[in-house]
Amino acid sequence: MTLTPNIPELLNELYPVNLTKVESVTNEMFRCIAEEGEYFARMTNYKSLAEQLEEVNYTNFLFEKGMGVSPTVTSLNGKSVEKMILNNNEVLTVLYKSAPGIHLPRNQWKADVIKELGRQTGRLHRFSKEFERVHSVRYINDWYDNGEYNFLKYIPEEESVIREIAKEVLTTIQAIPKNHSNYGLLHGDLWLENVLVDKDSNITMVDFQDCEKHFYIFDLAVPIFSAVEYSFAGGGSIVDYGSEITNAIIEGYREEHELSAEMADMLPLFIKLKEVFEYSLMHMYWNKEKLTEEQIRIMNHYRVRLELKHSIF
């Protein structure tokens, strides 16, 4: 979605704010500057109204429990998710207060910060359980019902080795017995880009748009994958870095939430799930007839790792 001149006017009509400037962050997220402070407006039909309402109820619940998440701003109509007409199309809109903190530079994602992220993830899962006890989660899907996990639909048939790996990963994880301690509602997309850190190392998690019901350990696999893939700044062994941050995030997590040795041993499996997930998304969203050199390089990077079973875990 492109930024149109009437977006600030429409937001000011809907919300108790006086926006003076709106700028694009992504096609769906807009940074909004107001006299009252900074906000972010999400405008998307990626999920249905029912799903977005349930997601917002979840994140507002977490905020009330003291979690570092961005609270929503209720519209003048008393709604947390509003409908807006842009370019003759209806789009669902949520306005968030700006979260404290910054995206850390790559070289600052050290073990101590990762440990705190693990601790906050453990708190997140404890409060998620409480939310599910109080609220019936009807519209947020189990992970395997989300279309992005339909790997065999998107990975080409001629890539038989990777398709077999994808099938094995899905089958293995779906066979794991689910219980109250290992499975439930979670963030689902804890890339380090979705984590803000302030000067006192307090952590805020943003972008719960992909929240889902999944094995809790997936919320540990994603930041580990993200750190090794994008945040390792060199100056040492990437294998040692991966081991260090993995131990740190598990240690922090166990201060707030149970993680059995059996589930911890499955961490490489869930990292592999994330790896296949990212590779499948490339086929899902990229135009194979117009791939850039950089896109080809990234896809081949993943192909080599998957087919040759290269892993630091």
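Please treat every number below as a calculation from the coordinates, not as lab data. No experiment lies behind these values; they were computed from the predicted model shown. Positions of Cβ are generated from backbone atoms using ideal geometry, with glycine treated the same way; all protein chains shown enter the neighbour counts.
Find the centroid of the Cα atoms in the stretch 92-161 and in the stretch 254-313, then give the distance between the two in whole Å.
Using only Cα atoms, the two centres lie 15 Å from each other.
Counting other Cβ atoms within 10 Å, which GluC sites (Glu not before Pro) in the stretch 257-301 have at most 16 and lie in a DSSP loop?
Glu258
For the cross-link pairs Lys65/Lys115; Lys110/Lys199; Lys213/Lys274; Lys47/Lys79; Lys178/Lys274; Lys79/Lys178, which exceed 24 Å when the distance is taken from alpha carbon to alpha carbon?
Among Lys65/Lys115; Lys110/Lys199; Lys213/Lys274; Lys47/Lys79; Lys178/Lys274; Lys79/Lys178, the Cα-Cα distance tops 24 Å for Lys79/Lys178.
For the stretch 83-115, list residues with backbone N below 15 Å from a point placed 7 Å from the Cα of Glu251 toward its Cβ?
Counting backbone N atoms under 15 Å from the label point, the list is 110-115.
Using all C-alpha to C-alpha distances in the stretch 7-97, build P(r) with 10 Å bins and read off the rounded percent in each one.
In whole percents, the pair-distance histogram is 17, 52, 29, 2.
Roughly how tilted is helix 293-307, in degrees to the nearest 10 and between 0 and 90, from the longest Cα axis of the chain?
Its long axis makes an angle of about 40 degrees.
Quick one: order Ser231, Ser201, Ser128 by neighbouring beta-carbon count within 10 Å, fewest to most.
Least to most surrounded, the residues fall as Ser201, Ser231, Ser128.
Say R0 is 30 Å: what FRET efficiency, to the nearest 0.05, do Lys97 and Ala261 get from their beta-carbon distance?
Working: r = 40 Å, r/R0 = 1.33.
Efficiency at R0 = 30 Å is approximately 0.15.
How do Leu186, Leu170 rank when sorted from fewest to most other Cβ atoms within 10 Å of their own Cβ?
Going from least to most buried by this count: Leu170, Leu186.
Which ordering of Met282, Met205 is given by a fewest-first count of other beta-carbon atoms within 10 Å?
Exposure proxy ranking, most exposed first: Met282, Met205.
Relative to the longest principal axis of the chain, what angle (0 to 90°, nearest 10) does the C-alpha long axis of helix 160-174 take?
Value to nearest ten degrees: 70.
Take the eigenvalues of the Cα gyration tensor for the stretch 22-165, scale each by 5, and report the square roots as semi-axes in whole Å, largest first. If you can, show how the numbers build up before the last one.
On the way: eigenvalues 156, 112, 78 Å².
Output for the stretch 22-165: semi-axes of 28, 24, 20 Å.
Measure nothing fancy, just the Cα-based angle from helix 111-134's long axis to the longest principal axis of the chain, in degrees from 0 to 90, nearest 10.
70 degrees
With semi-axes √(5λ) of the Cα gyration tensor in Å in mind, check [x] 28, 24, 17; [y] 38, 21, 19; [z] 32, 24, 20 and report the label derived from this structure.
Among [x] 28, 24, 17; [y] 38, 21, 19; [z] 32, 24, 20, the one derived from this structure is [z].
For Val69, which sequence-distant residues (separation of 5 or more, or a different chain) have an amide H within less than 5 Å of its own amide H, given hydrogens modelled in the peptide plane?
Close amide H contacts, sequence-distant or interchain: Met205.
Ordered by residue, what ³J(HN,Hα) values in Hz, to whole numbers, does the stretch 62-71 give under the Karplus form 6.51 cos²θ - 1.76 cosθ + 1.60, where θ = phi - 60° and Gly and Pro are x?
4, 4, 5, 7, x, 6, x, 9, 7, x
Does the stretch 80-180 come out rounded, prolate or oblate by the C-alpha gyration tensor, with a ≥ b ≥ c the root eigenvalues, rounded set by a/c under 1.5 and, if not, prolate when a/b is larger than b/c and oblate if not?
Judged from the Cα gyration tensor, the stretch 80-180 comes out rounded (a/c under 1.5).
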